[in-house]
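The values are calculated or read from the model by the stated rules, or taken from the named source; none is laboratory data. The shown structure was predicted, so the numbers you read here are calculated from the model rather than taken from an experiment. Note: ideal-geometry Cβ built from the backbone for every residue, glycine included; neighbour counts use all protein chains shown. Note: accessible area is taken over every heavy atom of the protein model, side chains too, but ligands, DNA and RNA are not part of it. Shrake-Rupley method; radii C 1.70, N 1.55, O 1.52, S 1.80 Å.
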Amino acid sequence: MANINRVVLVGNLTKDPELRHTPSGTAVCKLRIAVNTRQKDAQGNWGDKPNYFDVTVWGNQGESCSQYLSKGRPVGVDGQAVEIIADTVQFLGSREGGGAGGDGERQFVPAAATAGNEDFTGSADDDIPF
């Protein structure tokens, strides 16, 4: 099975980029990005909850980020993820690590995928905010 480690984020910078250099002179730029998640509050009103991500940009692209980006600026990032908070998990392969299922193997159905979201009713379009 192939391993995939990709994440795409679109959000706003929470502070100005911080540019530093390694002892060998390679640029390292640190970004902090806020990405909002829509969710209901206790009264049933939709609101935004920010999630914060630290991003490291190396080399010439890091220098460009430092030069052209600033706090509040929207930015898109494509990169590798280090820590993810899962909304759902799809079990792949068999318990012994082989095969993709099908021979009586139970497939994961995310019945608890909405754990922590007490407002979930199971209907398809009731709570879509658009």
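Being more than 14 Å from G72 (Cα to Cα) and in a strand (DSSP E or B) is the filter here; which residues of the stretch 31-42 pass it? Selection gives T37, R38, Q39, K40.
So D87 fits all but one of (1) out of contact with any Gly (no Cβ under 9 Å at 6 or more places or on another chain); (2) under 17 Å from V8 (Cα atoms); (3) at pLDDT 90 or above; what number is the exception? That leaves (3) as the condition not met. Just checking, does the stretch 62-84 include any residue being charged (D, E, K, R), at pLDDT 95 or above, surrounded by 11 or more Cβ atoms within 10 Å (Cβ to Cβ) and assigned to a loop (DSSP other than H, G, I, E, B)? Looking for residues that are charged (D, E, K, R), at pLDDT 95 or above, surrounded by 11 or more Cβ atoms within 10 Å (Cβ to Cβ) and assigned to a loop (DSSP other than H, G, I, E, B), one finds at least one in the stretch 62-84, hence yes. Taken as a whole, the structure places T26 among residues that are of a type in the set (S, T, Y), touching a residue at least 24 places away in the same chain (Cβ under 8 Å) and farther than 15 Å from V75 by Cα.
Before we move on, is V28 in a strand (DSSP E or B), over 16 Å from the mean Cα position of the chain (by Cα) and either at pLDDT below 95 or not basic (K, R) (or both)? Spell out the reasoning first.
Values: in a strand (DSSP E or B): yes; over 16 Å from the mean Cα position of the chain (by Cα): yes; either at pLDDT below 95 or not basic (K, R) (or both): yes.
Yes; evaluated as a whole, the condition is true for this residue.
For the structure I just gave you, tell me whether A34 is open to solvent by less than 40 Å² (accessible area, probe 1.4 Å), under 17 Å from the mean Cα position of the chain (by Cα) and at pLDDT 95 or above. Against the criterion (open to solvent by less than 40 Å² (accessible area, probe 1.4 Å), under 17 Å from the mean Cα position of the chain (by Cα) and at pLDDT 95 or above), A34 qualifies.
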